[in-house]
Each structure stands twice: as C-alpha cells, then as structure tokens.
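First comes the structure, then the notes that go with it.
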Amino acid sequence: MMRYTIRPAQIADLAAIMELEHDAFASDYWSEASMRDELTASHTSYFVVARTTSAEPGYRVVGYAGLAKLPGSTQSDVQTIAVESRERDKGLGRRLMEQLIAEARRLGATEIFLDVRADNPVAQHLYESLGFETIDRRKTYYQPDGVDAIVMRLVIPAATEVQPVVLGIESSCDETGVGIVRGTTLLANVISSSMEAHARFGGVVPEVAARAHLEALQPTIRKALAEAQISLEEVDAIAVANGPGLAGALMVGVGAAKALAVGLGKPIYAVNHLVGHVGADVLERGEVEVPTIALLVSGGHTSLLLVRDLIDDVQLLGETIDDAAGEAFDKVARLLGLRYPGGPEIDRVAAEGDPKAIRFPRGLTLPKDMEKHRYDFSFSGLKTAVARWVEVAQDSGQEFSVPDVAASFREAVVDVLVSKAVNACLDHKVPRLLLGGGVVANRRLREVAAERCQANGIELRIPAFDLCTDNGAMIAALGAQLVMAGRQASDLGFGADSTLPVTTIQTA
Amino acid sequence: MALILAVDTTAGTSVALLRDDRVLAEFGHDSGVKHAELIGSAIHEVFERTGVRPQALDAVVVGRGPALFTGLRVGIAAGLMFAEAVGAKLIGAVSHDAIALELYSSDGSLPGLPLLITTDARRGEVYWALYGGLEDAGIPVVLAGPGVGKHAQVVVALEAEFGSFTERTGGASAQWVARLAARQMIAGVASEDTTALYLRAPDAVMPKPNQQFGKRVSG
C-alpha cells in the first residue's frame, strides 16, 4: 500500500529531484548546480513528496516544489513544481501547492506569484482552483519552444479567516454533545449521556433520551464554553446534526442550534451525523486522508462508508438490515444476565472465555448473501442463535460457561464487521480504514481490525474514544470544514430527518 | 418597560415580540408537526420585521405546556438557547395560564366565572386546568391543575369539588404568554423554571426479567 508524505527537501534529495527535473522539463531543465543553489539558499523553501510502500523499504521522491521569499518582502514566488508523470492525478500537485501557500503565510507573505506555460491548461486550472488569478502574459517567454508565460497571483487569505470557531450540537441518540473547534483544532468536547436512565429498560428509550437532551442543553453548552475559554460572541458559526437518528431527540438539538444562530446572528450548518463521525479525524490529523473506508458501529448504526471527499463525496456501501451491532451486544448481555450497556460487559466477561468454543453464525456471509449484501450486516440471526444455544444448554441441565458464550458471540460480531470492512478496502483499492461509533471501545474489535489491516496493508485510524462515541466536536469539525471550503450556510427551514442519507453531507 | 420575546410550541409554532403589553411583531403557524422546521425563521422574522436588536431583550419567556412532548421541547430548547445567546433573563410560563388570560381579557361574558381550559392530549385524553378569574395583578387564579386525563372523568371530578364552570378549548399564543409573563414580572411572581410539563411518564416497556427473544422453539 502506498503512502505519500510531504516534507522539507534535503540536499540528499538532489539526485532524485534532478531525475524528476529532467523528466518534467525535457527542454528547459535546470542544471544540477542551479538546483543545488536553490535547495541550499536561505530565502527559499523546498518540499518533496516521499512515497513509501509496504512492499519496499525506504522512500522514493515523486514530486517537489519550491517557494522563494526575501526577508522584509510581502511577496513570494513559486520557483518550480513537478510531479513524476506516473504519479499524476493523485492530487499531489495540489498538496504541494497548499504546502507552499501555508509556508508563504507562515513567512509573512501576503501574495504569491507564479509563471505557468500557456500550453499547460491542467496546471492553470489547478492554480485557479486554489484562488490564483491571471495578471499578465509574457510573450514567448519559454525558450526554445517559444511558448508564452501566464503570470498568476494569489492574495493569501489571512490565517484567521480560515480558522473559524464553530460550535457543534449533537443529539441524535442518548448523548447530548456540545463541541467547539477552531478550524481543525479541538477547543472543547463535552458529552452528557443519559445512558443510566435507559439502563432499567435495557436499551435506549427515545422519549427518555429526548427529555434528557432538553435538560442537558444549558449545562452542557456552558461547560463547553468554559472548557474552550471563549464566550458565545466569539463563535463564528453553529453546526448541528439533523440526522440520521431519533427524530424527537434530533429536534431538540435542531431547535436549540437555530435559536443560537439567530440570537448570535451567525450562520448555521445542518450536517450529517454519520459523516460527522468521519469528520472527527480532522481534529487529530488536520485532515481526513481520502479516499477512506469508514466503519461506523454504535447502538444505533452499523454502516460502511466509502469516503472520497469528506464534504463532497460520501457513499453508503452497506448497513445493518436489522439490529445495530451495539443493540445486539445489549440484547445478548441481558440474555446472559449481564448489565446495560452490554458492550463493555460482554467485553469484560469475554476476556476469560474461549472465542472458538462455540461457532455462532456470521450474518450475511454465505455466498448467496454476499451477492446481494456484500457490505450489509445482520445481527438478528446471531442474537437468536445465542438465545437458542443457551436454551438448549439450560434445558439439558448442563452447566455452561458464560465467558465462552460471550467470547464466541463477540468473535462472531467482530469477525463480520472487520471482514466486510477489509473487503470494502480491497475491493475499492482504498488503503485506509477509519473506525467510529461507540462500539469502537470494544477491545476485540480494535485488536482484530489492527491485525487484519496490517496483514492487508491497510492503514487503520481509530480516533480517541471521546471523538468516536457520539459527540459535538465531530459535528463542529465537519461544520468548520464546510465553512473553510466556503460553503453556503444552511437555510433556517431545515428539519430533523431520522433517515437522512449519508450522501446528504449538509442539508441546504 | 420590558422588551419580551415569547416562544410557545404547545399547539403550532407561535413567537411574539412585545414591549410591555404591546405586540411589536408576531409569527404564528398552526402546524402541529413542523416546529423544528419553523422555529428558527419564526424568531428571526420578529426581529427582522421590527429592527429590534436581540441583545436589547429583557426576557425570553417559554410556554412550558402541558402539551404533546415533541413539539413542546422544540420551543423550550429554542427559548433556552436564545436567552443564552443574547444574555436575556429566562422565564417559564404555564401555557394554559396564558390561554386563560387571553379568554378572560377578550371574552366579556367570562370574567369571574370558573373556567376550565382543555387542550387535546391524544389517546382520548385532555390536558386541563381550572381557573377562577383574574387576581388584582391581572394574573389568572389557578383553582386546579394543570393535569391530564379522560375528559368526562376530569369534568365529573372538578364539578364535585368546585361546582359548575364554563369550559373552553384552545391553543396558547405567544403574545398572551408574553403578557402573562410581563404581569408576573411586575408582581414579582415570574418563575425561572422552564422545565417541560409532560404530565405523563415516557412510553417505555420494562423488559421482563431474563427476557429472551421470540418464542421458544425447543425444550
């Protein structure tokens, strides 16, 4: 599996850079001496793209770019940029340019200039998409080909403009979450859970959850503001999860978020709860590396997503056709006389058990099921199989090991979850898997995911637990991504949608 | 002089901006299911139309019900957060009290008489409260309630205790919620309690001990 990293260029990269220079600029390449001067000069910053693969040790330089900025000047110049011909169409040129823009800003430049060949529309388009504008044309500048140079300029947006403070509200199930982010930086993430109130019912009761949201709203917001050490006036935008989830619960968050937005005179972004789980990763990595497969597992959802772009392209590959995985844990825990919530209890008891003691069925994994439901899940049959197995054991008067049943059940759930997620990665040639949702706390799920991802060359991402379980920070993070991409705010008339599809990342 | 925003979602979505007793702007929509959709624009509109700055508000009043849960919560949540955003005082008012105030104030045939206010509670029941006119401060006197029950049973029980009364059914409007709160503020009896008046336990089935799944097929 391949991975591309951008890092400052070193003099040791010179030979590799010269090879690319000849490849990219056949008729007008720089000499090695000029390139050496560029790399070592005090007023230039050079970066390379290093490709590493699991198949071979070390790295290979597949792209480079340089920026020049003189001390005291507010102007900077793109000196050169090149990507190996076989590695184009992977967004590496864009990443290098974004690196140069960030570097120019860091050095105090307010403008960046560049020259581009008039016969290279692909490059011009890339620069335009980054905000560059054409300001001049130099006739027959590139020799010996006699091609015109187009001069482009970008006025660098101030860093403060692209780091909005966003407050996010999450109320889709039994957690009232308020999170505050500045751009991709987490400022606060406060979660108030009504889990205890549901315990005696053995599962989340929608009306109990909705009542708890209303009660938790004010204290949770105040705590989040205190944690972030900001006042509401400093918030630039409000984000709220408007689905999917429990309708009555979602509506509490939607009503609250709208009133905050109107009261503060700030824009509001209605975002998808499930895509929010994926967006949580920007708070740890600064971005969500794409494409990625995302496996979201909680008491309410079991979904497999293909994310090509966090704010533009999310596809649902499959989901549970009956119970969510977390729900299955709760029900089997009750059957075994364990407490609610079932996940942690089964995890605890299973530690003493043999996962191979009983071979419970793996839902939707038979060849005929795999045709229609390759990425779908089913846990209802498994839950019933456990119940029947326990009944038979009880009726025959045999002693049986609860830890063995718990471990074998857990193994069946985890096996199906991870197998299907890894299949999705391999089928779509996506070398990354992101886990999200409360069930990610399950120790065995993390272990098996780590083992099988490593065996298949897949990079596994598991954000910190407070960012995996339902939370407001992930909603704020996704909202901030929309703000930074210049997206229009949502119209105030949006509603809560309990079955909001993942393709609706933002409700307009 | 008090500038008050009132939000009541016990029937439709009702929002009003008042200076003392005078309505500056009002938004009303009688849909009983579109509260979450409407609430943002409703609040936005009353400020937009009047040019009043939200930060100038003295108080935000929310109708606490009793009412059907889902819609009720949207209004209370919005009122709570609006007060938080603009730094206004937060007040809770019983929505049936506001209905009583409206009827006593606008229906000349009623003053003095005991008045039963009922609203639909579904499942063959009503939310109710019984009033005995207005006191000196112009605030309805609560004789009994608010409660929830079968209409016929409620009437029989109340007649046994209070004698005859007039009955009206209705829905609360935000402007009367605001007027009620304004009078309560002047009289020093306004309440900061904004908890929802559900009057019913959540619908939830307790699992049977050792409950298993479906019917047994063996044993």
May I ask you to verify whether A:Ser378 is under 24 Å from A:Lys420 (Cβ atoms) and hydroxyl-bearing (Ser, Thr, Tyr)?
yes
Is there any pair with a first residue in segment A:4-24 that is more than 20 Å from A:Thr53 (Cβ to Cβ) and a second that is part of a loop (DSSP other than H, G, I, E, B) and aromatic (Phe, Trp, Tyr) whose Cβ atoms are under 9 Å apart and which are 6 or more apart or on different chains, and what are they?
A:Met18/A:Tyr29; A:Met18/A:Trp30; A:Glu21/A:Tyr29; A:Glu21/A:Trp30; A:His22/A:Tyr29
Of those in segment A:387-402 that are under 17 Å from A:Val349 (Cα atoms) and either under 35 Å from the mean Cα position of the chain (by Cα) or surrounded by fewer than 16 Cβ atoms within 10 Å (Cβ to Cβ) (or both), the residue nearest to the other protein chains (Cβ to nearest Cβ) is A:Phe400
Could you grab me the full set of residues in segment A:208-261 that are of a type outside the set (A, V, I, L, M), within 11 Å of chain B (Cβ to nearest Cβ), out of contact with any His (no Cβ under 9 Å at 6 or more places or on another chain) and assigned to a loop (DSSP other than H, G, I, E, B)?
A:Ser231
For A:Ser193, only one of the following conditions fails: (1) farther than 21 Å from A:Ala257 by Cβ; (2) away from every other protein chain (no Cβ under 14 Å); (3) free of Cβ contacts under 8 Å to residues at least 60 places away in the same chain. What is its number?
(1)
Could you list, in sequence order, the residues of segment A:419-434 that are surrounded by 23 or more Cβ atoms within 10 Å (Cβ to Cβ) and closer than 16 Å to A:Arg446 by Cβ?
A:Ala421, A:Leu433, A:Leu434
Failed criterion for A:Ile156 (all others in (1) within 21 Å of A:Ile268 (Cβ to Cβ); (2) more than 10 Å from chain B (Cβ to nearest Cβ) hold)
(1)
Are there any pairs, at least 6 apart or on different chains, whose C-beta atoms fall under 9 Å, with the first in segment A:327-342 and within 12 Å of chain B (Cβ to nearest Cβ) and β-branched (Val, Ile, Thr) and the second in a loop (DSSP other than H, G, I, E, B) and surrounded by fewer than 23 Cβ atoms within 10 Å (Cβ to Cβ), and if so, which?
A:Val332/A:Leu338
Count of residues meeting criterion [loosely packed, with under 15 Cβ neighbours inside 10 Å and among the basic types (Lys, Arg)] in segment A:39-59:
0
Restricting to segment B:76-104, give me the number of residues that are over 30 Å from A:Ile238 (Cα atoms), over 13 Å from the mean Cα position of the chain (by Cα) and in contact (Cβ under 8 Å) with a residue 40 or more places away in the chain.
1
If we ask which residues in segment B:83-109 are in contact with a strand residue (DSSP E or B) (Cβ under 9 Å, 6 or more places away or on another chain) and over 21 Å from B:Gly147 (Cβ atoms), their number turns out to be 10
Looking at B:Leu24, B:Leu38, B:Leu90, can you tell me which residue is in a strand (DSSP E or B), at pLDDT 95 or above and either at the interface with chain A (Cβ under 10 Å from one of its Cβ atoms) or in contact with a Phe, Trp or Tyr (Cβ under 8 Å, 6 or more places away or on another chain) (or both)?
B:Leu90
Suppose the filter is at pLDDT below 95, assigned by TED's automatic domain parsing to the domain that holds A:Val502 and either of a type in the set (Asp, Glu) or not in a loop (DSSP other than H, G, I, E, B) (or both); does A:Glu287 pass it?
no
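The values are calculated or read from the model by the stated rules, or taken from the named source; none is laboratory data. The model shown is predicted, which means the values in this text are computed figures rather than measured ones. All Cβ positions, even for glycine, are placed from backbone atoms using ideal geometry, and neighbour counts span all protein chains on display.
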